[in-house]
Structure formats: C-alpha cells, structure tokens
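The values are calculated or read from the model by the stated rules, or taken from the named source; none is laboratory data. Predicted, not measured: the structure shown is a model, and the values here were computed from it. Virtual Cβ from ideal backbone geometry, glycine too; neighbours counted across all protein chains shown. SASA here: full protein model, heavy atoms, side chains in, ligands and nucleic acids out. Shrake-Rupley method; radii C 1.70, N 1.55, O 1.52, S 1.80 Å.
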Amino acid sequence: MMDPALAALGLSADLPGVVVDRERRGPLPLVARSAIDGAVLATVHGGGAIEMAAAAAAAQVAFLRWRAVPAPRRGELVRRIVAAVRERKADLAALITREVGKIPAEAAGEIQEWIDIGDFAVGLSRQLNGQTIPSERPHHRMMEQWHPLGPVGCISAFNFPIAVWAWNAMLALVCGDSVVWKPSEKANLCALAAHRLVAQVVADFPEAPPGLVTLVCGGREAGEALAGDPRLALVSATGSVPMGRAVAVAVAGRLGRSLLELGGNNGMIVAPSADLELAVRAIVFAAVGTCGQRCTSLRRLIVHRSLYAALLARLRAAYARLPIGDPRAAGTLVGPLIDEAAGAAMAQALAAARAQGGTLHHGERLAGPGVYVRPALVEVPSDAAIIRDETFAPILYVMPYDDLDQAIAIHNDVPQGLSSAIVTGDAREAERFLAPAGSDCGIANVNIGTSGAEIGGAFGGEKTTGGGRESGSDAWKAYMRRATNTINYGNDLPLAQGIDFTV
C-alpha cells in the first residue's frame, strides 16, 4: 500500500533521483526509510559523477539565458513558486514528518520558511541595488553593479531537508543564477517532492530555460563531483565540519566560492538576574526541539552558581515529562533521531561525558521501531573535552560559573561559532555579551534561545562553522558578482592619484 505522505505529492515507491531537464533514472539505488519506524518508503535511483556533470552542464546553459531575464521578472517566477508552495504546504510538511521524523508543527514551520524566504526574494528582485561613489576626477562618475554569478551548487542536510535548499534556491533564482541540488541521502523524498513542485512552475514560465533547477540524489561521489565542477560558481554546503572542510578544499582548489554552514555546538549563559520561567522555556525548546538535531540546537548551558541548583531541578522535571514518540501522535513534542547511527553517537558521547566526570540525568533509549531517546542533561566540568565536540542529538551539558567574564570565556572556548544566547535582566550584561569581546558567534541573542532564527537576518557562524551567511539581510550578495564602473562624461582624461602621463 502506498504511503499517504508520498501519494499526496504524487510520489511512487520507485523514483528517479536524477532530474535535469527531464526525469530520468540514475544507476544508483538508494533506499528511503522513515525515521519514525524505519519503514522502507521508496527506492530512489540516484547518480554519481556522470549525472552530476550532466546537471552542471545543463545548469550552465540555463544560466546563460536566465541571467539576461530582468530581475523583477525573475522575481515573478519565485512568486509563482511560493504560491504553489502555499497550496501544498500541508502535504509537504507531512512528508517531512514521515521521512525525517519532525513533529508536524516543526515540519509546517520548515515549509513556512520556504514561503517566507520566497516572499523576501520577490521583494529583493526589485532591490538588487549598487551604489554611486564620488570620483576624485572631474566629470567622472563611479558606481557599483551586481550581476548574476553563475550556476549555484547546493548540498543540504537531513535536518532541514527543504528549507536550507529553499534559502539558497529562492535567492539564487532572483539573482539570476541556476541551481543544482544534491540533498542528504537521508532525505531524498523531501528533495524530490520540492523539486517536482518547482519544476512544474518553471516549465510553465516562458522565460525559464530547461535546466534552471536540477536535482541529483546521491552519496559522496555526487557531492565530490558537485564541489569539484568548475561550472558551479558557488557551492553552498550545510552539514558536518569534516564534510565542509572537504568541500572548502575542493572549491578553493579551483578558485570557486563556497558558502559553508557547518557545526554549531551552541551555548547559553543564564545570569543571576534571569527570569527562570523564561529561561526554562527557552532552554527546553532550543535543546530538545527536532530531537536536538538542529544546527542551532542548544548544547551547552552555563549557569550562574547562585541559580544552578534551582534551574537544574526545573529542567530535570521538564525533561521527565516531555512527550516523546511518534511525531504524528497528538501532543508529541520530541520525535525520533534520524537513524541508528545517530543513536550510537549519542550513547558514545554520554559514555565519554561520564568518563570525564559528568553526572547524567535522563538520556535513556526508549522503546520503538525508530530511534527514540529521552533528551539528556549532563552536569560536567567546564574543561571537559567532550563539550568541545558537537553530537547531533539531544544532549545538554550543564556547568556553573561565578562571573560574566568567566562565563563568556567558557562559552567561546569551543571550535564552533554559530548561535549563542544570554538570559539576563541586566542591560549591561546583555550589551557585554553582544559586544566585540562577548559572544564570538554569528548569532547572539538576549532572552531567547539559540534556535529558531527568522529569515530576515543573515544566518551563519564563525570559526569551524564556516563563515557563510544565508537567508536575509545582504546574504544575496553571495549569489552575485560585483562590478565597479567608472564613466567619463567629459572631454579630458584626468588620471587618478593626480598622475601625469602626457605622451
């Protein structure tokens, strides 16, 4: 019997996972399983280096045509895509829940992110502005223009199987670029559904060339081929730090551009003046939402010693009553880990934490055909080696501090630098945390958690997080190339810096 989540979107149990100008089968069979119960949902026929090369070639041809389409018209294509997404929001969200195990509210929120970034991109299509720059030479004008960059390659992760690609694709399309997508092997069905919807809109848009949006489902070979293809001017990659390092080396080796969104290992400081009720709500969602499988999930909690015992007691009580299980069941807040490998990584990290002096609260494996766990609280010394590693699971390391300088030092003493937060009622503490000597992360929040970024702000982080920025603000500039122009509207030819070069 066909799974309802697939049937609602017209997906079968046997699917082509290489989609360039037209659907075709690739040579590599990939088994798509549900994180909820491990059930086999479909077989996807993916591809490798040959198929990725074909996608890049199609994208290059499409780019040469798409870059000449006026930007507001490119925005109209995205507007139509967003309209189609709104119509299918419930079906797309149901597939996210079925394949990767997100609870319905979070799955619907992911599709809403696609809608929101699409709306942002439509407005942006009339605001890809350069600037006029004063010239030192009389009768001269200088200006900057932003032009389409080229085909964009996107490697996405399972935890946001559609939204992260949408952040890239919607901006790339209005900026005049074509897009090649290599999704996570753990979320191929979500990618196929999203691509099919977009391809249908593109096919009905007169100016949109074939190959404007392409998809290659596959594994490491496909990803390496994408990173190494010189036709892809920008490679945006979301995932682990080792994966990002490999992508960065490959892209830099051909002098391309990379946009990296890698590990998080995010921290929160709870100051003496904190509202504990607010803190508990912020901590629990950030730490256990999506079963701890967000780039922005809270991993480290640094609590002032005066509040430590009281806050830990509240958190232990909240964790004990968390509704965990099948995300489709009413009231469930924590669904499964993505697979057995994630469960094994969590168990290994907890064992290491114990060995390094940690005290464990909760964290046990629960019954179920999928990988269900109770989120863990682990009291650890602030110098424990394990807290420098990010485990993609619901583990929250808790440690005390005595003064704010110490807390900020503990917070910053990890290789990653994505998201951070402080809970405080003291404006001076808040400002110190946001100042240059405060949090060293790309995202720094006050009195909210580390998770749940809005699309209006640029998303990304520093250090081994990769330094990339996606989504809002001026992140669109990554998908374009800058040209500086000087126009002489006089009859003379004065040189810059007062140089005299008379022949």
- request: Could I have the simple spin-label model distance between Leu366 and Asn485, label points 7 Å from Cα toward Cβ, reported in nm to one decimal?
  value: 6.0 nm
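Give me the percent of accessible area attributable to carbon and sulfur for the stretch 377-494, probe 1.4 angstrom. Please report the intermediate quantities before stating the final value.
Details: 2400 of 5070 Å².
Answer for the stretch 377-494 is 47 percent, counting heavy atoms of protein chains only.
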field: Relative compactness, the chain, computed as alpha-carbon Rg over 2.2 N^0.38 Å
entry: 1.04
query: How much solvent-accessible surface does Glu340 expose, in Å² to the nearest 10, with a 1.4 Å probe and all protein chains in place?
result: 110 Å²
- prompt: Could you state the number of Å between the C-alpha centres of the stretch 147-169 and the stretch 465-503?
  reply: 27 Å
- prompt: Restricting attention to the stretch 66-166, which trypsin sites (Lys or Arg not before Pro) occupy a DSSP loop and are surrounded by at most 15 other Cβ atoms within 10 Å?
  reply: Arg126
message: Ignoring everything except DSSP H segments at least 4 long, calculate the 222 nm mean residue ellipticity for the chain; use -39,500 (n - 2.57) per segment, divide by total residues, nearest 500.
response: -11500 deg cm²/dmol
- request: May I ask for log10 I(q)/I(0) of the stretch 1-116 at q = 0.09, 0.14, 0.20, 0.22 Å⁻¹, from a Debye sum over the Cα atoms as equal point scatterers with solvent left out?
  value: -0.34, -0.80, -1.19, -1.20
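Mind checking the dipole of the stretch 232-343: about its Cα centre, +1 per Lys or Arg Cβ, -1 per Asp or Glu Cβ, Debye to the nearest 20? List each step's numbers first, then the result.
Details: 12 positive and 6 negative charges, 48 e Å.
Roughly 240 debye for the stretch 232-343.
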message: Which log10 I(q)/I(0) values does the stretch 79-120 give at q = 0.34, 0.35 Å⁻¹ under the Debye formula, counting every alpha carbon as one identical point scatterer?
response: -1.10, -1.13
Pairwise FRET efficiency - Arg73 versus His139, Cβ, R0 = 35 Å, nearest 0.05: 0.50
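Which helices, counted as full DSSP H runs in the chain, have an axial Cα extent of no less than 15 Å and a Kyte-Doolittle average of 0.5 or above? Each step should come with its number before you reach the end.
On the way: long enough: 49-66 (25 Å, 1.17); 71-87 (25 Å, -0.31); 89-100 (16 Å, 0.47); 104-124 (30 Å, 0.32); 163-174 (17 Å, 1.65); 188-203 (22 Å, 1.30); 241-253 (18 Å, 1.46); 276-288 (18 Å, 2.05); 305-320 (23 Å, 0.57); 340-355 (23 Å, 0.74).
Once both thresholds are applied, what remains is 49-66, 163-174, 188-203, 241-253, 276-288, 305-320, 340-355.
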- request: Using label points projected 7 Å from each Cα along Cα→Cβ, tell me how many nm separate Glu431 and Leu64, to one decimal.
  value: 5.7 nm
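Among 312-322, 444-454, 390-400, how do they line up from the highest to the lowest mean number of other beta-carbon atoms within 10 Å?
Packing order, densest peptide first, comes out as 390-400, 444-454, 312-322.
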- request: Please list the non-local residues whose amide H lies under 5 Å from the amide H of Trp181, H modeled 1.01 Å from N, same-chain partners needing a gap of 5 or more.
  value: Cys154, Thr214, Leu215, Val216
